[in-house]
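What follows is a single structure, written as structure tokens, with notes after it.
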Amino acid sequence: MWHPWKRRIADLEAREQRLIDDLDDARRERDTERFNNGIITRQFCEADAANKRLHGRNVHLTEQLGKAREAANDGALDEMGRRLDRALHACARYRAEAAEDRAAAMTAHQRMKDALDAADRARVAGRSDLVRQLGLSEDARRSLAGQIATLQTANEALTREAYDRSVTTAAAARPKPGPPTSAKPEVTA
């Protein structure tokens, strides 16, 4: 004989199994987000290291330019100095943007951690809220990946420009050959 309480038990068992499945799905998604966050953090560290190297190179080139100016007072060197100053300002701006991007990444990381904590609580309430939060985390990750790509492209361009300037500065600092000074005067009778 089929009793109503048996049907109630079967319903509860089915609901329990759905909640367990939702929890497993949430854990898999959480692990995926943690893995993606590790990749994002590594990429930001690499971009920050590249920025620091570029800054060091710019400082070195500035010192070389100062020495070249002392060696020769040439208008081209002054122009090169102005260009190098603009490059240094651009580098500082890119470093500031990288710092802002890193802060945004850390904020997104904190939001993702909060979302993962909420995911554990959401297994009782249902999965729809969890899916929305994970979608927001994925959007933030994609946005950060685009910002990283932009930053890397800018760093490569600045590195090429700084290298070109250093080659031009070195070429401009070399002494230019002039007429010989030890020529004997002509004797006319």
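The values are calculated or read from the model by the stated rules, or taken from the named source; none is laboratory data. Owing to the predicted nature of the structure, the values given are computational and were not obtained by experimental measurement. Every residue, glycine as well, gets a Cβ built from its backbone with ideal geometry; the counts of neighbours run over all protein chains shown.
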TODO: Could you check, for the stretch 171-178, whether at least one of its residues is assigned to a helix (DSSP H, G or I) and at pLDDT 65 or above?
DONE: yes
Task: Boolean, ALA68 is under 19 Å from the mean Cα position of the chain (by Cα) and in contact (Cβ under 8 Å) with a residue 12 or more places away in the chain - done: no
TODO: Return yes when ARG86 is assigned to a helix (DSSP H, G or I) and farther than 27 Å from THR168 by Cα and no when it is not.
DONE: no
Task: Residue list for the stretch 108-135, filter: aliphatic (A, V, I, L, M) and either surrounded by 14 or more Cβ atoms within 10 Å (Cβ to Cβ) or modelled with pLDDT of 85 or more (or both) - done: ALA108, MET112, ALA115, LEU116, ALA118, ALA119, ALA122, LEU130, VAL131, LEU134
Task: Filter pass, ARG141 being at pLDDT below 80, part of a helix (DSSP H, G or I), basic (Lys, Arg) and surrounded by 15 or more Cβ atoms within 10 Å (Cβ to Cβ) - done: no
Task: Residue list for the stretch 140-156, restricted to those being closer than 19 Å to ALA96 by Cβ and either free of Cβ contacts under 8 Å to residues at least 40 places away in the same chain or in contact with a strand residue (DSSP E or B) (Cβ under 7 Å, 6 or more places away or on another chain) (or both) - done: SER143, GLY146, ALA149, THR150, THR153, GLU156
- [ ] Would you point out the residue of the stretch 144-159, among those that are under 30 Å from ASP25 (Cα atoms) and of a type in the set (Gly, Ala, Ser), that is surrounded by the fewest Cβ atoms within 10 Å (Cβ to Cβ)?
- [x] GLY146
- [ ] Just give me the residues in the stretch 5-58 being surrounded by fewer than 16 Cβ atoms within 10 Å (Cβ to Cβ) and among the aliphatic types (A, V, I, L, M), in sequence order.
- [x] ILE9, ALA10, LEU12, ALA14, LEU19, ILE20, ILE39, ALA49
